[in-house]
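Remarks on the structure that follows.
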Amino acid sequence: MNKQIKNFIFVALLQFVVLVYPVYIWQDITNSGTEYKFLVEISPPHKTFSGYYLNLNFATSKFTTTEKIPTNKQLYALLTIDQQGFYQISAVKQDLPQNNNSYFLTKLNYQHNNELHLDIPFNKYYINERTAKSLALQSLEKQSGNYAIVSIKNGHGVIKQIYYNDIPLIN
């Protein structure tokens, strides 16, 4: 076989793997990850260069601590469940938790006094244009029944469903 053909096949396979691997990881997290329920505030749909999406403001994005945390380091947010069945951050660690599987990877957005403002990595939910236009007409103001179901595995999360007033937004 000609060397150019071998190189072409190698590059084509490499491109295929680079494109398919993130989809495989996302699907694995969705299918075999643990589901967590988080309180959220839903912002109206945005259209940037990447399409329509809902911006989710998680109630757990703030955490109080006396510890000084570096801004550009990967952190581990440990989760516990509250009385209403929603998950909250119980601790923020700089090292991988050994005997706690309920965590997700995050980074510090900024720290003000003793309050950490964390960058939640799964805060955007992409939707199609028709759904975005119908949601833009609704008032997505803060309600008590707004929450997201997030599947988390090995610290990585994928949003499975969003509820507005306890009704699924996306079917």
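The values are calculated or read from the model by the stated rules, or taken from the named source; none is laboratory data. A quick note: this is a predicted structure, and the numbers were derived from the prediction, not measured. Here the Cβ is made from the backbone with ideal geometry for all residues, glycine too, and neighbour counts use every protein chain on show. Note: areas computed on protein heavy atoms with side chains; ligands, DNA, RNA excluded. Shrake-Rupley method; radii C 1.70, N 1.55, O 1.52, S 1.80 Å.
The chymotrypsin sites (Phe, Trp or Tyr not before Pro) of the stretch 1-108 that meet both conditions, a loop assignment by DSSP and at most 11 other Cβ atoms within 10 Å of the site Cβ, are Phe49.
Once all protein chains are placed together, Leu13 keeps about 100 Å² accessible to a 1.4 angstrom probe. Protein-only accessible surface at a 1.4 angstrom probe places the residues Lys124, Lys62 in the order Lys62, Lys124, largest first. Estimated at 0.36 nm per residue, the fully extended path between Tyr126 and Asp95 surpasses their Cα-Cα distance by 8.0 nm. Taking label points 7 Å from Cα along the Cα-to-Cβ direction, Val23 and Asp166 give a separation of 3.8 nm. Along the charge dipole of the stretch 1-127, pointing to its positive end and built from +1/-1 on Cβ of Lys, Arg, Asp and Glu, which listed residue (Tyr76, Phe104, Gly51) has its Cα farthest out? So the residue furthest toward the plus end is Gly51. Charge dipole of the chain (Cα centre as origin; +1 on each Lys and Arg Cβ, -1 on each Asp and Glu Cβ, all else neutral): 600 debye, rounded to the nearest 20. Our summary gives the chain a relative contact order of 26 percent, counting only alpha carbon pairs under 8 angstrom and 6 or more residues apart. Reducing the stretch 71-88 and the stretch 13-54 to their Cα centroids gives an inter-centroid distance of 20 Å. Using bins of 10 Å that start at zero, the share of Cα-Cα pairs per bin across the stretch 9-111 amounts to 12, 29, 36, 18, 5, 0, in whole %. When the solvent-accessible area of the stretch 1-109 is split by element, carbon and sulfur atoms take up 56 percent of it, the probe being 1.4 Å. Helix 3-32 versus the longest principal axis of the chain: what is the Cα-based angle in degrees, 0 to 90, to the nearest 10? Once rounded, one gets 20 degrees.
Taking 0.36 nm per residue of separation and subtracting the current Cα-Cα distance, fully stretching the chain between Phe86 and Thr30 would add 18.3 nm.
In the stretch 1-66, Cα pairs under 8 Å separated by at least six residues give a relative contact order of 21 percent.
Given R₀ = 41 Å, what would the calculated FRET efficiency be for Lys73 paired with Ile9, taking r from the Cβ atoms and rounding to 0.05? Approximately 0.50, to the nearest 0.05. In the frame of its principal axes, the stretch 40-92 has Cα extents of 38, 33, 14 Å, reported largest first.
Among the listed pairs Lys62/Lys133; Lys124/Lys160; Lys68/Lys124; Lys107/Lys133; Lys107/Lys153; Lys37/Lys153, those whose Cα-Cα separation exceeds 21 Å are Lys62/Lys133; Lys68/Lys124; Lys107/Lys133. Among Ile5, Ile152, the order of accessible area from largest down is Ile5, Ile152, computed with a 1.4 Å probe on protein heavy atoms. Gyration tensor over the Cα atoms of the stretch 45-171: the corresponding equivalent ellipsoid has semi-axes (square roots of 5 times the eigenvalues, largest first) of 28, 16, 14 Å. Ligands, DNA and RNA are left out, and with a 1.4 angstrom probe the accessible area of the stretch 21-154 is 61 Å² per residue.
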